[in-house]
Each structure stands twice: as C-alpha cells, then as structure tokens.
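The values are calculated or read from the model by the stated rules, or taken from the named source; none is laboratory data. From a predicted model like this one, the values you see are computed outputs, not experimental measurements. So basically every Cβ, Gly included, is an ideal-geometry build from the backbone, and we count neighbours across all protein chains shown. Surface areas here come from the heavy atoms of the whole protein model, side chains and all, with no ligands, DNA or RNA. Shrake-Rupley method; radii C 1.70, N 1.55, O 1.52, S 1.80 Å.
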Amino acid sequence: MADVREPAMPATARGLVVLLHGGGQTRHSWSRAAETLAGDGWTTLTYDARGHGESDWAGDQDYSIERYIDDLECVLDQLGRGRPACVAGASLGGMTALMGLARRSDLTDRLVLVDITPRPHPAGIERIKRFMTAHLDGFETLAEAAEAVADYNPGKRRSGQQNLHRNVRLGADGRWRWHWDPAILPEGNEGQNPLVWPDEAVAAAKSVTVPTLLVAGGASDVVREDEVGEFLAVMPTARAVTLDGAGHMVVGDRNDAFVKAIRAFLDD
C-alpha cells in the first residue's frame, strides 16, 4: 500500500522524495514529514514495505535486502515519475536505499539515512530485536501495546493509543498483534545472519557518489558518535546532523527537527 502526496501547486513541483520506513513500522510513520514536504512543493511517496502494514506478506518468507530493493525499484517504475530527487530511509528503509544505490547508481539524486549506518551498534540492534520478538503472542489490550512501546522508547510514554491502530491488528482470538510478519526477523542468535553484513554495507557506502545526509538521534543506541565518525570516514559524499533528544525513532521523536534538516539538505 502506498501514499502519494502532490504539491498544492503541481505546476511548481520540485521533484519526487521517497520516504522508506523502518522495520516493524508502516508508511504512516512518515505522515507528518510527507505532508510538510508536499507543502514545500515536493511530491512525496511512502509505502508499506513487504510484510508490513497493508502490504502483502511474502508467501516464500523472503525478506532479504535484495527483495526490498526489488520492491523499491518496482514501485518507482510503476509510479513513472523518473529518478527521485531524494530517497530517505529510516533503519531498514535506509539500508534498502543504501544497498539499492550500490546496485544501481542512478537510483536517486540524493540519499538520506535516518539513524542507520553500515555498522550500526550491535547492542542497539539487539535491543530492537528483543522488542520485536517479545510479544509475538500479542496483547490483550491496546494499553498493553502502548506500554511495550513506552518501555522501548520512554519518550513515547502515555502519548496516546490512537496512533497504535496503524501498527497493530486485531486477531480472530481477540488479541492485538503488530502489523508485520514475524518472518521479517532474520533467524539466528545474537549478531548472526544480519539483514546486511557490515563489510558489504561499508563497501556499498564507499561506492555511493550522490550527496548523502545522515540524520542521527542524539540519544540513539543504534548510531552513536563512533558510528557517525566511521560512516563519514568511509563515505566522502556524506555529512551528518545529530538531533538532540531523539532516539532511534528519529522522525517520531523529533519530527520538526528532522523536517528542518531534510529541507536544508534538499534546498542546498
């Protein structure tokens, strides 16, 4: 499922910005940012990755990075708007965009990575996996689901349950479950069988020649100062901005600050 937001004045449209959500999220995680950018004259595209939200689950359970890239290329081809001015991706979405550019150098004119680098901090990645696997049997109430989110991201505590309806579904057994296929999680023990091997991601970053912006969360345990420094060292076309008070869920934690950063990058 995809959403396309057109500028209010199509005659002055500035180009296409594609926003790819993170693992376990849906296209709605970008809603406010997409609306703001559309107001600036950009056509924005958001879609639910395979196995997420309202998109189909993969019958063969193939959630490899290659398939995510295939899907991105397919969506762009079907949209028929030509090469995007920018592809921005959070976490899984960012890795999809990075590896997609390594496969096809003309994928986009600019790249934005949101709290993801070729070598994300292992402890942060493991905490995400623990959160995603902790409640596969679902929740009795939405309040329980909201509490689980708050335990992972204290900044979201008591922020309301209405937004959760876009991230959970009510099963026939009356329990609420996350709106994604559990098979998206790579099998294996800690650190084993990642979505992308770090050395491959580093090689991909070195091959990228388009202007790139890394937007890191100042309170993130996935991309810390060391990861930012290493990334900038291997990717000469990149620059970085760190948003204080944002965790790994940068856009949800500091949406206004994120929009300000990507606006400046697009206008540069």
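Checking each residue in region 205-219 for being under 18 Å from A88 (Cα atoms) and under 18 Å from the mean Cα position of the chain (by Cα) picks out A205, T212, L213, L214, V215, A216, G217.
Residues that are on the phi > 0 side of the Ramachandran plot, part of a loop (DSSP other than H, G, I, E, B) and crowded, with 17+ Cβ neighbours inside 10 Å do not occur anywhere in region 69-86. Would you pick out the residues in region 87-106 that are under 15 Å from the mean Cα position of the chain (by Cα) and either of a type outside the set (A, V, I, L, M, F, W, C) or farther than 15 Å from L195 by Cβ (or both)? Across region 87-106, the qualifying residues are V87, A88, G89, S91, G93, G94, T96, G100. For region 132-141, a residue qualifies if it is free of Cβ contacts under 8 Å to residues at least 60 places away in the same chain and either of a type outside the set (G, A, S) or assigned to a helix (DSSP H, G or I) (or both), and the qualifying residues are T133, H135, L136, D137, F139, E140, T141.
For region 142-163, the condition holds for no residue, the condition being that it is within 21 Å of L45 (Cβ to Cβ) and not in a helix (DSSP H, G or I).
In region 19-31, the residues that are within 14 Å of W180 (Cβ to Cβ) reach residues that are acidic (D, E) and open to solvent by less than 20 Å² (accessible area, probe 1.4 Å) with C-beta atoms within less than 8 angstrom, at least six apart or across chains, in these pairs: H21/D48; T26/D48; R27/D48.
Any residue that is part of a loop (DSSP other than H, G, I, E, B), surrounded by fewer than 21 Cβ atoms within 10 Å (Cβ to Cβ), at positive phi and more than 17 Å from the chain's Cα centre (by Cα) - is there at least one of those in region 107-127? Taking every residue of region 107-127 in turn, none turns out to be part of a loop (DSSP other than H, G, I, E, B), surrounded by fewer than 21 Cβ atoms within 10 Å (Cβ to Cβ), at positive phi and more than 17 Å from the chain's Cα centre (by Cα).
In this structure, is S64 in contact (Cβ under 8 Å) with a residue 12 or more places away in the chain, among the polar types (S, T, N, Q) and within 23 Å of L214 (Cβ to Cβ)? Considered against the rule, which asks whether it is in contact (Cβ under 8 Å) with a residue 12 or more places away in the chain, among the polar types (S, T, N, Q) and within 23 Å of L214 (Cβ to Cβ), S64 comes out as no. In region 22-37, of all residues being open to solvent by less than 10 Å² (accessible area, probe 1.4 Å) and in contact with a Lys or Arg (Cβ under 7 Å, 6 or more places away or on another chain), the one that is farthest from A90 (Cα to Cα) corresponds to A34. Can you name the condition, by its number, that T44 falls short on among (1) of a type outside the set (A, V, I, L, M, F, W, C); (2) open to solvent by less than 10 Å² (accessible area, probe 1.4 Å); (3) over 26 Å from L243 (Cα atoms)? Answer for T44: the failing condition is (3). The set of residues in region 217-257 that are within 23 Å of R127 (Cβ to Cβ), open to solvent by 50 Å² or more (accessible area, probe 1.4 Å), out of contact with any Gly (no Cβ under 7 Å at 6 or more places or on another chain) and acidic (D, E) comprises E225, D226, E230. Looking at the structure I just gave you, is H135 at pLDDT below 85 and open to solvent by 20 Å² or more (accessible area, probe 1.4 Å)? No. Pull up region 48-62, narrow it to residues that are within 22 Å of P194 (Cβ to Cβ) and touching a Lys or Arg at 6+ places or on another chain (Cβ under 7 Å), then point me to the one that is least open to solvent (accessible area, probe 1.4 Å). Checking each candidate, the answer is A58.
Restricting the search to helices (runs of 4 or more DSSP H) fully inside region 166-268 and requiring at least 2 residues that are under 22 Å from L16 (Cα atoms) and of a type in the set (K, R) gives 255-267.
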